[in-house]
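The values are calculated or read from the model by the stated rules, or taken from the named source; none is laboratory data. Since this is a predicted model, take the numbers as computed values, not measurements. Don't worry about glycine lacking a Cβ; one is built from the backbone with ideal geometry, like all the others, and counts go over all protein chains shown.
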Amino acid sequence: MMTTSSHTAVVTLPTDTQILITREFAAPRHLVYRASTTPELIKRWWSGERGEMTLAEVDLRVGGRWRYVMTANAGFEVAFHGEYLEIVPDERIVHTEVYEGIPDADEAAATVTVTFEEKDGHTLLSTLVQHKNQQNRDMHIDSGMEGGMQEAFDKLEQVAVSLL
(Lines give C-alpha, C1' and ligand atoms only; values in the text may rest on other atoms or scores of the structure.)
Protein backbone atom coordinates (compact mmCIF):
# COMPACT_ATOMS: atom_id res chain seq x y z
CA MET A 1 0.00 0.00 0.00
CA MET A 2 1.29 3.45 -0.89
CA THR A 3 1.63 6.06 1.80
CA THR A 4 0.76 9.70 1.34
CA SER A 5 3.51 11.96 0.04
CA SER A 6 3.15 14.83 2.56
CA HIS A 7 3.86 17.20 -0.32
CA THR A 8 2.31 20.58 -0.11
CA ALA A 9 0.76 22.38 -3.00
CA VAL A 10 2.67 25.26 -4.57
CA VAL A 11 0.66 28.39 -5.33
CA THR A 12 1.98 30.89 -7.87
CA LEU A 13 0.52 33.92 -9.62
CA PRO A 14 1.57 33.68 -13.29
CA THR A 15 -0.34 36.83 -14.31
CA ASP A 16 -2.44 39.53 -12.64
CA THR A 17 -5.57 37.44 -13.21
CA GLN A 18 -4.32 33.87 -12.62
CA ILE A 19 -3.65 31.49 -9.75
CA LEU A 20 -1.67 28.31 -10.50
CA ILE A 21 -1.68 25.49 -7.98
CA THR A 22 0.48 22.38 -8.43
CA ARG A 23 0.83 19.36 -6.20
CA GLU A 24 2.14 15.82 -6.49
CA PHE A 25 -0.02 13.00 -5.15
CA ALA A 26 1.20 9.52 -4.22
CA ALA A 27 -1.50 7.81 -6.28
CA PRO A 28 -2.08 7.08 -9.98
CA ARG A 29 -3.94 9.76 -11.89
CA HIS A 30 -7.03 7.64 -12.56
CA LEU A 31 -7.56 7.42 -8.78
CA VAL A 32 -6.92 11.13 -8.17
CA TYR A 33 -9.34 11.87 -11.02
CA ARG A 34 -11.93 9.48 -9.58
CA ALA A 35 -11.62 11.04 -6.11
CA SER A 36 -11.99 14.47 -7.73
CA THR A 37 -15.14 13.67 -9.68
CA THR A 38 -17.18 11.22 -7.57
CA PRO A 39 -19.64 12.94 -5.20
CA GLU A 40 -19.32 10.51 -2.28
CA LEU A 41 -15.51 10.75 -2.50
CA ILE A 42 -15.52 14.56 -2.86
CA LYS A 43 -17.50 14.75 0.38
CA ARG A 44 -14.59 13.01 2.15
CA TRP A 45 -11.94 15.59 1.23
CA TRP A 46 -13.17 18.89 -0.22
CA SER A 47 -13.79 20.76 3.05
CA GLY A 48 -10.38 19.90 4.49
CA GLU A 49 -10.49 20.47 8.24
CA ARG A 50 -12.70 23.54 7.89
CA GLY A 51 -16.18 22.01 8.09
CA GLU A 52 -18.47 19.31 6.77
CA MET A 53 -19.68 18.81 3.23
CA THR A 54 -23.45 18.76 3.05
CA LEU A 55 -23.79 18.57 -0.73
CA ALA A 56 -21.62 17.42 -3.62
CA GLU A 57 -23.54 17.35 -6.90
CA VAL A 58 -21.65 16.39 -10.06
CA ASP A 59 -23.09 16.07 -13.57
CA LEU A 60 -19.78 15.16 -15.20
CA ARG A 61 -20.37 15.98 -18.85
CA VAL A 62 -19.75 19.02 -21.04
CA GLY A 63 -22.59 21.40 -20.20
CA GLY A 64 -23.22 19.58 -16.93
CA ARG A 65 -23.23 21.46 -13.67
CA TRP A 66 -21.62 20.92 -10.30
CA ARG A 67 -22.35 22.34 -6.84
CA TYR A 68 -20.57 21.90 -3.50
CA VAL A 69 -21.91 23.11 -0.16
CA MET A 70 -20.27 22.85 3.23
CA THR A 71 -21.10 23.99 6.72
CA ALA A 72 -17.99 25.64 8.10
CA ASN A 73 -16.83 24.86 11.63
CA ALA A 74 -17.97 28.38 12.60
CA GLY A 75 -21.53 27.41 11.60
CA PHE A 76 -21.99 29.34 8.36
CA GLU A 77 -22.62 27.83 4.93
CA VAL A 78 -20.16 28.07 2.02
CA ALA A 79 -21.27 27.14 -1.50
CA PHE A 80 -19.69 27.00 -4.95
CA HIS A 81 -21.10 25.98 -8.32
CA GLY A 82 -20.10 25.87 -11.96
CA GLU A 83 -20.45 24.29 -15.37
CA TYR A 84 -18.19 21.77 -17.11
CA LEU A 85 -16.73 23.17 -20.33
CA GLU A 86 -14.31 20.37 -21.29
CA ILE A 87 -13.69 16.86 -19.97
CA VAL A 88 -10.97 14.41 -20.97
CA PRO A 89 -11.29 11.53 -18.48
CA ASP A 90 -8.22 11.01 -16.28
CA GLU A 91 -6.43 13.93 -18.03
CA ARG A 92 -8.20 17.29 -17.98
CA ILE A 93 -11.28 19.11 -16.71
CA VAL A 94 -12.19 22.71 -17.55
CA HIS A 95 -15.07 24.27 -15.63
CA THR A 96 -16.38 27.54 -14.35
CA GLU A 97 -16.32 28.25 -10.63
CA VAL A 98 -18.62 30.62 -8.79
CA TYR A 99 -18.38 31.42 -5.09
CA GLU A 100 -21.99 31.99 -4.09
CA GLY A 101 -21.16 34.23 -1.12
CA ILE A 102 -20.51 37.46 -3.02
CA PRO A 103 -22.85 39.92 -4.74
CA ASP A 104 -23.24 39.30 -8.48
CA ALA A 105 -21.45 35.97 -8.00
CA ASP A 106 -22.12 34.64 -11.50
CA GLU A 107 -20.52 37.77 -12.99
CA ALA A 108 -17.30 36.95 -11.11
CA ALA A 109 -17.10 33.35 -12.36
CA ALA A 110 -13.56 32.07 -12.83
CA THR A 111 -12.51 29.47 -15.39
CA VAL A 112 -10.58 26.57 -13.87
CA THR A 113 -8.40 24.14 -15.84
CA VAL A 114 -7.33 21.02 -13.95
CA THR A 115 -4.78 18.65 -15.48
CA PHE A 116 -3.77 15.23 -14.19
CA GLU A 117 -0.31 14.01 -15.28
CA GLU A 118 1.01 10.61 -14.24
CA LYS A 119 4.67 9.88 -13.63
CA ASP A 120 5.97 6.72 -11.98
CA GLY A 121 2.62 5.94 -10.35
CA HIS A 122 2.25 9.44 -8.90
CA THR A 123 0.04 12.26 -10.16
CA LEU A 124 1.00 15.86 -10.77
CA LEU A 125 -2.19 17.87 -10.40
CA SER A 126 -2.13 21.37 -11.87
CA THR A 127 -5.01 23.77 -11.33
CA LEU A 128 -5.03 27.06 -13.25
CA VAL A 129 -7.68 29.52 -12.07
CA GLN A 130 -8.33 32.31 -14.58
CA HIS A 131 -10.17 35.27 -13.06
CA LYS A 132 -11.78 38.08 -15.06
CA ASN A 133 -9.70 40.75 -13.31
CA GLN A 134 -6.99 41.26 -10.71
CA GLN A 135 -9.47 42.36 -8.05
CA ASN A 136 -11.27 39.00 -8.21
CA ARG A 137 -7.99 37.10 -8.22
CA ASP A 138 -6.74 39.02 -5.19
CA MET A 139 -10.04 38.52 -3.36
CA HIS A 140 -9.69 34.76 -4.00
CA ILE A 141 -6.11 34.72 -2.67
CA ASP A 142 -7.05 36.86 0.36
CA SER A 143 -10.00 34.61 1.25
CA GLY A 144 -7.77 32.13 3.06
CA MET A 145 -8.13 29.67 0.20
CA GLU A 146 -4.56 28.42 0.44
CA GLY A 147 -4.82 27.01 3.95
CA GLY A 148 -8.10 25.27 3.20
CA MET A 149 -6.80 24.00 -0.13
CA GLN A 150 -3.69 22.52 1.52
CA GLU A 151 -5.89 20.65 4.01
CA ALA A 152 -8.26 19.51 1.28
CA PHE A 153 -5.42 18.26 -0.93
CA ASP A 154 -3.95 16.30 2.00
CA LYS A 155 -7.33 14.60 2.38
CA LEU A 156 -7.69 14.15 -1.41
CA GLU A 157 -4.44 12.24 -1.40
CA GLN A 158 -5.62 10.06 1.49
CA VAL A 159 -8.87 9.29 -0.36
CA ALA A 160 -7.06 8.49 -3.64
CA VAL A 161 -4.56 6.22 -1.86
CA SER A 162 -7.44 4.44 -0.08
CA LEU A 163 -8.80 3.42 -3.50
CA LEU A 164 -5.68 1.36 -4.33
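Observations
- Taken over the range 110-131, the criterion of being out of contact with any Pro (no Cβ under 9 Å at 6 or more places or on another chain) and modelled with pLDDT under 95 is satisfied by 119, 120.
- Residue among 148, 101, 75 that is of a type outside the set (A, V, I, L, M, F, W, C) and within 23 Å of residue 22 (Cβ to Cβ): 148
- Top-ranked residue of the range 132-150 - restricted to ones that are in contact with a strand residue (DSSP E or B) (Cβ under 7 Å, 6 or more places away or on another chain) and among the charged types (D, E, K, R), ranked as modelled with the lowest pLDDT: 146
- Selected residue (only one of 23, 34, 50, 29 is modelled with pLDDT of 95 or more and closer than 15 Å to residue 150 by Cα): 23
- The set of residues in the range 43-63 that are in a strand (DSSP E or B) and either β-branched (Val, Ile, Thr) or touching a residue at least 60 places away in the same chain (Cβ under 8 Å) (or both) comprises 54, 58.
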